[in-house]
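Asks: I'd like to ask some things about the structure below.
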There are 2 protein chains.
Amino acid sequence: MMTFSSFFIRINSMKDPILDVIVSDIIQGLYKPGDKLPSENFLAEKYSTPRIKIRKAYEILEDMGYIYSRQGKGRFLRPKHSKMELVINGNESFTQKARTQGLDLKTINIISQKIEYNNKIFKVLNAEKNEDVYHIKLLRIINKNPVAIHSSFIKGRLVPEIGVVKEKILSMYDFLKKSGFSKLESEKTIMSVTLPTLHEQELLCCSPLVPLILFESKTIDGQKQILLYSKILYRSDSFQYVINH
Amino acid sequence: MMTFSSFFIRINSMKDPILDVIVSDIIQGLYKPGDKLPSENFLAEKYSTPRIKIRKAYEILEDMGYIYSRQGKGRFLRPKHSKMELVINGNESFTQKARTQGLDLKTINIISQKIEYNNKIFKVLNAEKNEDVYHIKLLRIINKNPVAIHSSFIKGRLVPEIGVVKEKILSMYDFLKKSGFSKLESEKTIMSVTLPTLHEQELLCCSPLVPLILFESKTIDGQKQILLYSKILYRSDSFQYVINH
DNA sequence: CGAGCTTAACTTGTTGCCAAGTCAGGTTTA
DNA sequence: TAAACCTGACTTGGCAACAAGTTAAGCTCG
């Protein structure tokens, strides 16, 4: 029978509270964007702890994107991201959502090609092993900030014109509509949280510890046919996520 | 007009790919739980990079909870968490969900008290300034692993018996049902991702970089009356999150 | 007296080196 | 001959010292 206090011996190490203190100061509005944060030496002395500990705390905040650092100058608070409202169990396309909220959305098609056989993807799509399956990858940019990566996989058989127009696709939803499919909806979405790979950091212009939310889903049409397998990566700091019941 | 390639100058620093390489090896199943990972010195030599860079990459993995470290021995891969399925737009209570999946759920009531005036909470609950508002905080433990923190706020006026039984509450849903409320549902949930505070790390027995998912919502009854304001913190690595459409 | 230069005091960034811990093989002892 | 001890080679952990960059105050020069 596990008691409350016995949990503590489960922890490998008990870190000191410096990170919490700094974050708390930031949250309480002690600093505004652009303000300089206290130096490593100052905090090391204040908390009677080695400078390297302060550094580690600051580096986490930096890697999470909250602050930036300039050698010789100091560390500064970054402006907060403005957040787009995203209803995660809604059926509006991303493009429509941004339009509805009057946001400046730009989309860049960064991958549009046939893929080699992949067991999971081909299985999800009910594709034959030697069948054409296309991968379309879009980068979503709102108000000049990259905020999301949309990866979609679709059988060429369903949309034969994709071979010609694939590089021009800027919305899978619109593309499917134009191809004659109707009553598009998501079947069931699996959500998880990850940290960005180096490539994702490059694409999303984000630092290494900005959590990303991954939504994996299948898009079906009115006849319950699976059209798309999609993996959408959103920056967690660029959206206000809403769940309607 | 922002072009694709101009994004790269937006990035403060371009980290080297060591973390990606190690993570990739782990994901590909190169190591199984308990296996020893290559030493700092080995990788530093392999990638011709200072040892401290390897250490930083390993420390991130450690702080994310994927590996553990033993001075003099090395670093080892932790077992993966088993995941409970959690439908985030469903109306089943957490307790019911765990039962349905045959999981061993234990709940500990860690806070049960009246709170001082708090503008946001009192406003959400439509509470008067001098009114009793109770805070119930539950720690959820599944198969001996703490996985979630449920914080709920409720007006004492709605459930006068709470003053007597507050320390015994182990499910707000059940408590409300017993108090005579019916047709409970969540109004609209706001979701965000955070990293755990020190205290949250203690409660959830998790390391500092395990992302937590925060769900904020109001629970209403059949008459649309706001009963509860809840903030639920889940470990992102302990659940498979499902969204039904 | 203003502009330019210098320098000390500060800032963050990097790294070599020492500390602490583990373990296997070799040596000593009973 | 088996158990205990020792030691070198390895591991992660910690940090002081040096490197690189910034800036403001003081000094010098035209």
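All of the numbers you see were taken from the coordinates with simple rules; none came from a lab. Predicted model only: the values in this text are computed from it and were never measured. Methodologically, a virtual Cβ is constructed for each residue, glycine included, from the backbone with ideal geometry; neighbour enumeration extends over all protein chains shown.
Asks: Taking residue A:123 in one copy and the same position in all the others, each labelled 7 Å out along Cα→Cβ, what are the pairwise distances from the first, in nm, shortest first?
Replies: Values, ascending and in nm: 5.0.
Asks: Could you grab the relative contact order for chain B? Cα pairs under 8 Å, six or more apart, rounded to a whole percent.
Replies: Normalised by residue count, the contact order of chain B is 18 percent.
Asks: Right, something else. Please compute the Cα-Cα pair-distance distribution of chain A with 10 Å bins starting at 0, giving whole percents from short to long.
Replies: 6, 25, 27, 19, 14, 8, 1
Asks: If each label sits 7 angstrom from Cα along the C-beta direction, how far apart, in nm, is residue B:27 from its counterparts in the other copies?
Replies: Ordered by distance, the counterparts are at 3.0 nm.
Asks: Relative to the other copies, what are the label-point distances for residue B:76, with labels 7 Å from Cα along the C-beta vector, expressed in nm at one decimal and sorted shortest first?
Replies: 4.7
Asks: Run the paramagnetic zone check for residue A:120: 7 angstrom along Cα to Cβ, then residues of segment A:228-245 with backbone nitrogen under 16 Å.
Replies: A:229-234
Asks: Let me ask another. Take the alpha carbon gyration tensor of segment A:8-144, find the square roots of its eigenvalues, order them as a ≥ b ≥ c, and report rounded if a/c is under 1.5; if not, report prolate when a/b exceeds b/c, else oblate.
Replies: In terms of gyration-tensor shape, prolate.
Asks: Report the local net charge at residue A:103: Lys and Arg +1, Asp and Glu -1, summed over other residues whose C-beta lies under 12 Å from its C-beta.
Replies: Taking every other residue near residue A:103 into account, the sum is +4.
Asks: Now for a different question. Working out 0.36 nm times the residue gap between residue A:165 and residue A:130, then minus their Cα-Cα distance, what length gain in nm do you get to one decimal?
Replies: Contour length minus Cα-Cα distance gives 10.4 nm.
Asks: Right, another one. Output the 0 to 90 degree angle, nearest 10, between the alpha-carbon long axis of helix B:18-27 and the longest principal axis computed from the alpha carbons of chain B.
Replies: 70 degrees
Asks: For chain A, find the longest principal axis of its Cα atoms and tell me its angle to the long axis of helix A:51-63, 0 to 90°, nearest 10.
Replies: 20 degrees
Asks: Which of B:117, A:241 comes first, and how do the rest follow, when ranked by fewest Cβ neighbours within 10 Å?
Replies: Starting with the residue having the fewest Cβ neighbours, the order is B:117, A:241.
Asks: Moving on. For chain B, with a Gaussian network of springs between Cα atoms less than 10 Å apart, report the residue from B:45, B:185, B:131 with the top mean-square fluctuation.
Replies: Evaluated over chain B, the most mobile residue of the options is B:45.
Asks: While we're looking at this one, here's another question. In a shell of Cβ-Cβ distance under 13 Å around residue B:132, excluding residue B:132 itself, what net charge do Lys and Arg (+1) and Asp and Glu (-1) give?
Replies: +1
Asks: Next up: Could you check the spin-label model distance between residue B:52 and residue A:46? Points 7 Å from the Cα along Cα→Cβ, value in nm.
Replies: Here the modelled spin labels are 2.4 nm apart.
Asks: To the nearest 0.05, what FRET efficiency results for residue A:185 and residue A:99 with a Förster distance of 22 Å applied to their C-beta separation?
Replies: According to the calculation, E is roughly 0.70.
Asks: Non-local amide H neighbours of residue B:64 (under 5 Å, H modeled in plane, Pro and chain starts lacking H): which ones?
Replies: It is B:209, by chain and number.
Asks: Which FRET efficiency value, to the nearest 0.05, do you get for residue B:240 and residue A:32 by plugging their Cβ-Cβ distance into 1/(1 + (r/R0)^6) with R0 = 51 Å?
Replies: Details: r = 39 Å, r/R0 = 0.77.
Calculated transfer efficiency: 0.80.
Asks: Okay, next question. State which stretch of chain B is the longest one without any exposed trypsin sites (Lys or Arg not before Pro), exposure meaning a DSSP loop state and at most 12 other Cβ atoms within 10 Å.
Replies: Longest site-free region, per DSSP loop and neighbour criteria: B:1-72.
Asks: Give the value in nm², to one decimal: projected area of the alpha carbon convex hull of the protein assembly as shown, averaged over all directions.
Replies: For the Cα atoms of the protein assembly as shown, the hull's average projected area reads 27.1 nm².
Asks: In addition: With all distinct Cα pairs included, what does the Kirkwood hydrodynamic radius of segment B:101-243 come out to in Å, to one decimal, could you say?
Replies: When all Cα pairs of segment B:101-243 are included, the Kirkwood radius is 15.9 Å.
Asks: Taking amide H positions as placed in the peptide plane 1.01 Å from N, state which residues far from residue A:114 in sequence (5 or more) or on other chains have amide H under 5 Å from it.
Replies: The list, which skips near neighbours in sequence, is A:135.
Asks: Of B:164, B:87, B:147, which has the largest mean-square fluctuation in a 10 Å C-alpha GNM of chain B?
Replies: Evaluated over chain B, the most mobile residue of the options is B:164.
Asks: Further question on the same structure: Among the lysines, which have Cα under 16 Å from the Cα of residue B:129 when same-chain residues fewer than 8 positions away are ignored?
Replies: B:114, B:120, B:155
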